[in-house]
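Report on one structure; see the data block that follows.
The values are calculated or read from the model by the stated rules, or taken from the named source; none is laboratory data. Small disclaimer: the values here were computed from a predicted structure and weren't measured. Note that each Cβ is placed from the backbone with ideal geometry, even for glycine, and that neighbours are counted across all protein chains shown. For accessibility, only protein heavy atoms count, side chains too; no ligands or nucleic acids. Shrake-Rupley method; radii C 1.70, N 1.55, O 1.52, S 1.80 Å.
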Amino acid sequence: MARLKAFDEQRAIDAAVDCFWARGYEATSVRDLADRMGIGGASLYNAYGDKRALFTQSLERYANRSMRERIARLEERHRPKQAIRAFLAEIIDRSLKDPDRKGCLLVNSALDVAPHDAKIGRVVAGYLDELRIFFRRNLEAARQAGQVPRALDPERTADHLLGVLLGIRVLARTGARRKALEAVAAPALALLELPRKAH
């Protein structure tokens, strides 16, 4: 059977992303996916493989249109330290503006799917590592530019910021308000501040 046209494939994979994101991997059936994507079950298998293969492709699509797009845009517009601040601020805003509080598909998958599927776990870990590398890259650049304290360890601080990010995403799903989410981010962001000079 011929594959779907490229344009239709993009729309279909976006629909699969939304389905997995709303229902979770385990609760999403092949029928749910076929209905949401507007294709038959046989066409789904022929075009994308099985459910796990489609989920892996959906994670890649989500990473491209969400995480990677945000990183590229913020690094283009901001200096390193400001890029980190803007990233966390945008995550908080996005989490609060989602009426369904779906959270982040990558973080949800790390919690719900990765512990039970080693292959998907490795895939998800790779995406989370991209976030860690984003933090580390900008921390190193900020350190070189004198934007953050010289004693700051980019590697350890990047790990810390990733943990903060994951915490924000999880807390947002429980209905936490802006004040609580900003309180989680505040101590980590305070690490980036240069010491004030004595007068």
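What the table below lists for this structure:
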item: Selection status of MET67, within 30 Å of ALA188 (Cβ to Cβ) and not charged (D, E, K, R); result: yes
item: Any hit, region 173-184, residues being at pLDDT below 95 and β-branched (Val, Ile, Thr); result: yes
item: Qualifying residue in region 76-93 (condition: assigned to a helix (DSSP H, G or I), under 28 Å from ASP32 (Cα atoms) and charged (D, E, K, R)); result: no
item: Residue list for region 158-183, filter: within 18 Å of GLN82 (Cα to Cα) and open to solvent by less than 50 Å² (accessible area, probe 1.4 Å); result: ALA158, LEU161, LEU162, VAL164, LEU165
item: Output for region 33-55, where each listed residue is surrounded by 16 or more Cβ atoms within 10 Å (Cβ to Cβ) and in a helix (DSSP H, G or I); result: LEU33, ALA34, ARG36, MET37, SER43, LEU44, TYR45, ALA47, TYR48, LYS51, LEU54, PHE55
item: Residue identified as over 15 Å from ILE71 (Cα atoms) and either at pLDDT below 95 or of a type outside the set (Val, Ile, Thr) (or both) among ARG143, ARG132, ARG137; result: ARG143
item: Any hit, region 121-139, residues being in a loop (DSSP other than H, G, I, E, B) and within 21 Å of the chain's Cα centre (by Cα); result: no
item: Hey, ASN108 among the polar types (S, T, N, Q) and touching a Pro at 6+ places or on another chain (Cβ under 9 Å) or not; result: no
item: Residues being under 28 Å from ARG52 (Cα atoms) and open to solvent by 30 Å² or more (accessible area, probe 1.4 Å) - total across region 82-109; result: 5
item: Of all residues making up region 97-119, the number that are part of a loop (DSSP other than H, G, I, E, B) and touching a helix residue (DSSP H, G or I) at 6+ places or on another chain (Cβ under 6 Å); result: 5
item: Whichever residue in region 5-42 is in contact (Cβ under 8 Å) with a residue 60 or more places away in the chain and among the small types (Gly, Ala, Ser) and, among such residues, is farthest from LYS102 (Cα to Cα); result: GLY24
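Yes or no, residue by residue, for (1) touching a His at 6+ places or on another chain (Cβ under 6 Å); (2) charged (D, E, K, R); (3) more than 18 Å from ALA158 (Cβ to Cβ):
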residue	(1), (2), (3)
ASP35	no, yes, yes
GLY40	no, no, yes
ALA53	no, no, yes
ARG61	no, yes, yes
ILE71	no, no, no
GLU76	no, yes, yes
ILE91	no, no, no
